[in-house]
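The structure appears below as structure tokens.
The values are calculated or read from the model by the stated rules, or taken from the named source; none is laboratory data. Everything numeric here is computed off the predicted structure, so don't read it as measured data. Here the Cβ is made from the backbone with ideal geometry for all residues, glycine too, and neighbour counts use every protein chain on show. Accessible surface areas use protein heavy atoms only, side chains included; no ligands, DNA or RNA. Shrake-Rupley method; radii C 1.70, N 1.55, O 1.52, S 1.80 Å.
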Amino acid sequence: RMHPALIDFPSKIFYDDALKTGIKPEQRPTPQEINFINKQIPLMFVDVDEGYERIHGSNIFNKEEAELVCQTIQTLLPTRQPNLSP
């Protein structure tokens, strides 16, 4: 389930406000480890300059973007779920 602030745009623009998240904002607290521009809307766009899409069979992937996601998870996991490893 996504944070209610993230679902607001697609719900209004694409689904006539019918898309619902099923959770409250306090159930998805904003990670303090990440410096969001607006703490009320935990969303950011990250440009991965050196990344590019590759095609392997019917799969399209971007290794550099995936590595950035892994680094973000490694930053968040120890403080949120200390018993889990990345």
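Below are the figures for this structure:
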| read-out | value |
| --- | --- |
| Residue satisfying condition, being among the hydrophobic types (A, V, I, L, M, F, W, C) and more than 29 Å from Asp8 (Cβ to Cβ), within set Ile55, Ile73, Ile60, Ile34 | Ile55 |
| Output for region 1-32, where each listed residue is exposed (fewer than 14 other Cβ atoms within 10 Å of the Cβ) and in a loop (DSSP other than H, G, I, E, B) | Arg1, Tyr15, Asp16, Asp17, Ala18, Lys20, Gly22, Ile23, Lys24, Pro29, Gln32 |
| Subset of region 41-67 [among the polar types (S, T, N, Q), loosely packed, with under 10 Cβ neighbours inside 10 Å and in a loop (DSSP other than H, G, I, E, B)] | Ser58 |
| Contacts under 6 angstrom Cβ, first residue in region 16-32 being within 12 Å of Ala5 (Cα to Cα), partner open to solvent by less than 100 Å² (accessible area, probe 1.4 Å) and assigned to a loop (DSSP other than H, G, I, E, B), 6 or more apart | Thr21/Met2; Arg28/His3; Thr30/Lys39; Thr30/Pro42 |
